Amino acid sequence: MLIDNDDKNLVEKTISSESVFDGVLLHVKKDEVELPNGHKSVREWIKHPGASAIIPLLPDNQIILVRQFRYPVGKVTLEVPAGKLDIVGEDPIECAKRELSEETGYTAGKLWKLTTIATTVGFSNEYIHLYAASDLTPGKIHPDSDEFINVVKIPLTAAVKMVESGKIFDAKSAISILLLAKQVFLKK
């Protein structure tokens, strides 16, 4: 936890924690906390195992994205390949490699970390590790049995415009696209 000495007056202390729901992916918790002023409050939050995402970059500055239906928002989205960490302690880069192969069929000769983001700090502890990949070798996609994906190649410049216009609105994808574009176009 990153706490500056000036922020110690903001920290809440857990008094008790209760599991409300334990699902396949999400675990809903209800905690009683002591606030900095000594009062008590309730915090409902989602415990998540974490995830990795990877943005594949082709030599012609096209990127590979996936289209899939996302039930919670009721829409088909355009996203970078991503998935949850499957086992406790899994190396996020291994997860990124696995998702790249499963969702696009590609393997990467070069991978690098873009950043790590906390997706929704107000109600979840999910962190997503964002990577980029290049020196790609094509292969056959092999998504999980409950994943239905269309693979799309798009120029990085077009993807940036889609983020700016709201056509790409998934947070991990928008951040990955913008960070990769900054790296690619600042090199020139």
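The values are calculated or read from the model by the stated rules, or taken from the named source; none is laboratory data. Please read these numbers as outputs of a predicted model, since none were measured by experiment. With ideal geometry, Cβ positions are generated from the backbone for all residues, glycine too; neighbour counts draw on all protein chains shown.
One table, with the values for the structure above:
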| read-out | value |
| --- | --- |
| Unique match (being of a type outside the set (S, T, N, Q) and within 18 Å of ALA133 (Cβ to Cβ)) among VAL20, VAL11, VAL66, VAL76 | VAL66 |
| Only one of GLU99, GLU164, GLU126, GLU94 that is of a type in the set (Asp, Glu), without any contact (Cβ under 8 Å) to a residue 60 or more places away in the chain, assigned by TED's automatic domain parsing to the domain that holds PHE69 and surrounded by 17 or more Cβ atoms within 10 Å (Cβ to Cβ) | GLU99 |
| Residue within region 25-33 that is out of contact with any Cys (no Cβ under 6 Å at 6 or more places or on another chain), modelled with pLDDT under 95 and surrounded by fewer than 12 Cβ atoms within 10 Å (Cβ to Cβ) present | yes |
| Condition met for GLY83 (farther than 23 Å from ILE141 by Cβ and either modelled with pLDDT of 95 or more or touching a Ser or Thr at 6+ places or on another chain (Cβ under 8 Å) (or both)) | no |
| Test: residue in region 127-141 that is of a type in the set (Phe, Trp, Tyr) and more than 12 Å from the chain's Cα centre (by Cα) | no |
| Residue in region 67-89 that is assigned by TED's automatic domain parsing to the domain that holds LYS172, touching a His at 6+ places or on another chain (Cβ under 9 Å) and either surrounded by fewer than 17 Cβ atoms within 10 Å (Cβ to Cβ) or over 16 Å from LEU180 (Cα atoms) (or both) present | yes |
| Qualifying residue in region 32-40 (condition: part of a strand (DSSP E or B), assigned by TED's automatic domain parsing to the domain that holds PRO155 and over 15 Å from the mean Cα position of the chain (by Cα)) | no |
| Number of positions in region 71-91 that are under 23 Å from ALA159 (Cα atoms), part of a strand (DSSP E or B) and touching a residue at least 24 places away in the same chain (Cβ under 8 Å) | 5 |
